Amino acid sequence: MRRVLQIIGLLLTLTVVEAVAQQPLFAEEPIELGSRRELFVDPFLIARLDNVSLKLHEPKLAPPMSEPADNLEYGTVIKDGDIYRLYTREARGSKFDGDKSEVTRYCESRDGIHWTKPTLGLVELDGSKDNNVILHEAPFCHNFSPMLDARPGVPASERFKALAGTVKSMLYAFVSADGIHWRKLSDRPVIQYTSEYAFDSQNVSFWSESEQCYVCYFRHFLDKKLWSVCRTTSNDFMTWTEPTPMKPNFEGEHIYTTLTHPYFRAPHIYIATPTRFHPGRGESTDILFMTARQSSPYDRTFREAFIRPGLDPERWGNRSNYAALNVVPTSPTEMSIYTTPFRRFTLRTDGFASVHAGADPGTFETKLFRFVGDELSINYATSAAGSLRIEIQDDQGKPIDGFSEKESIYIIGDEIDRVVRWKAGSNVRVLEGRPIKLRLSMIESDLFSICFRGSFQTKDSPP
């Protein structure tokens, strides 16, 4: 009898194992990718990396620009159509945050490289209105931080918005039709909290397309020992929620103003370029790279410095390495980051980070997802000896006929926008809405982003 029971138990075990083996390989719900662009700046879409890795890329210092201001501390750069708008604080000998001597200056450019100081005639300074000053009102010039409001249906008179203020004044809201002439939205502060919060640096805000609300990130004192960041949201830019500490700090790490903003080619991904402060190392600073998605915590996949102080000894002190708010496109293949005192760093478009393969072959597999579109476009680069091959698999990890690796066309080169092809062509519409995943075979190559899109879209169409 005991022997019979053992046999029955074994049979039941084998039945369960067989049933499990017949289940789909992926138990999680597919990601609804739609037609949005995905960058490989975090593990969001990554299921498996085999002999490949996520790599943070180093911004390159560009040649010197025309100098629009003495410093870019707490600066903001906005690309508004064909115009680049630069806002920066000039301390003018201020003795404390929000001193009445501070002013906010405005500059313009048509390419993000050559800048002019328009004579605006708005504010009298040192007995003359022949200047580019747009604001001279304490304490708001200390950290006046504008944004271009992307909310659908926003009134033309409020196309630009800004937050400004210090610990004593709290944060006031400003609006503008043209980014030059500003007025307060209210005669009272719109964001006001207790002393554990600090409004002394840039308090950045934006309309979130993915969250359908305004978002503000501002500084606070974490556990009464580390400078860190909080987050609050609003439906109308007037009434804001109770702030949530984001806690992106590692042990002993001070993080100054985060400069969090939507990435212009994938606004559901928030890019942050905070300053990291090292008080025990001569108050030296460097610039980090972080990302976030909606209300999620910051992703700290990359812990190392994004922009180092460099060879110049002057850049190894406090306040020597602040980025301006917003990474902006400066050509179809280039984006720019501006830093103090006034320098420009460049990366290829989407080029913050990549799935990277070295000289030895490796593979990369995505999580299960659904897409909308006719074609798969990738932003990639290979060496002369490198290559990429892309296979589309079903929800059990099996190659789909017509889209297997052996049917894929080798991808060799360096392009911002390359349509992936197989022997039968590039059209993937037959797979639209079906749970799939990608498997890439890589050697000496980088994959920066992917995007499914309609064949009617071109390289110049919105991503």
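No value in this document is a laboratory result; all are computed from the given coordinates. Here the structure is a predicted model, which is why all the values come from computation and not from measurement. All Cβ positions, even for glycine, are placed from backbone atoms using ideal geometry, and neighbour counts span all protein chains on display.
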| Listing Ser145, Ser53, Ser109, Ser205 from the residue with the fewest other Cβ atoms within 10 Å to the one with the most, what is the order? | Ser53, Ser109, Ser145, Ser205
| FRET efficiency, 1/(1 + (r/R0)^6) with R0 30 Å, evaluated for Cys213 and Asn71 via beta carbons | 0.35
| Mean projected area in nm² (Cα convex hull; one quarter of hull surface) for segment 170-211 | 4.4
| request: List the residues of segment 426-446 whose backbone N lies under 16 Å from a point placed 7 Å from the Cα of Arg293 along the Cα-to-Cβ direction. | output: 436-438
| Using θ = phi - 60° and Karplus 6.51 cos²θ - 1.76 cosθ + 1.60, couplings along segment 408-425 (whole Hz; Gly, Pro as x) | 7, 8, 4, 10, 9, x, 7, 9, 6, 9, 10, 7, 6, 10, 10, 4, 7, x
| note | The extension gain from Phe221 to Ile83, computed as 0.36 nm times the residue separation minus the Cα-Cα distance, is 46.0 nm
| request: For segment 204-308, report the translational diffusion coefficient in µm²/s to the nearest whole number, using Stokes-Einstein at 20 °C, 1.002 mPa s, and a Kirkwood Rh over Cα pairs. | output: 151
| task | Work out how much length Glu432 to Asp130 would gain on full extension: take 0.36 nm times their residue separation and subtract the Cα-Cα distance, in nm to one decimal. | result | 102.8 nm
| query | Nearest 20 debye, what's the magnitude of the dipole of the chain about its Cα centre given +1 on Lys and Arg Cβ and -1 on Asp and Glu Cβ? | reply | 540
| Can you give the convex hull volume per residue for the Cα atoms of segment 77-151, as a whole number of Å³? | 102
| query | So what is the relative contact order of the chain, in percent, for Cα pairs below 8 Å that sit 6 or more residues apart? | reply | 17
| message | Take Arg319 and Thr119, extend 7 Å from each Cα along the Cα→Cβ direction, and tell me the distance between the two endpoints in nm. | response | 3.1
| field | Amide H contacts under 5 Å for Trp240, placed H, 5+ residues apart | value | none
| What ranking do Lys129, Lys437 get, fewest neighbouring Cβ atoms within 10 angstrom at the top? | Lys129, Lys437
| request: Determine which residues of segment 221-251 fall in the zone a paramagnetic label at Arg281 would reach in this model, i.e. backbone nitrogen under 19 Å from the point 7 Å along Cα→Cβ. | output: 226-228, 248-251
| query | Taking 0.36 nm per intervening residue step and subtracting the Cα-Cα distance, what contour gain separates Leu61 from Phe250 on full extension? | reply | 65.3 nm
| field | For segment 122-181 and segment 298-322, distance of Cα centres in Å | value | 28
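If the viscosity is 1.306 mPa s and the temperature 10 °C, what Stokes-Einstein diffusion coefficient in µm²/s follows for segment 322-463 when Rh is the Kirkwood radius over Cα pairs?
97
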| Peptides ranked, highest mean first, by Cβ atoms within 10 Å: ranges 158-170, 413-425 | 158-170, 413-425
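Using Cβ counts within 10 Å as a stand-in for footprinting exposure, how do Tyr410, Tyr193, Tyr74 rank, fewest first? Show your work: numbers first, answer last.
Details: Tyr410 10, Tyr193 19, Tyr74 27.
Ordered from fewest to most neighbouring Cβ atoms within 10 Å, Tyr410, Tyr193, Tyr74 come out as Tyr410, Tyr193, Tyr74.
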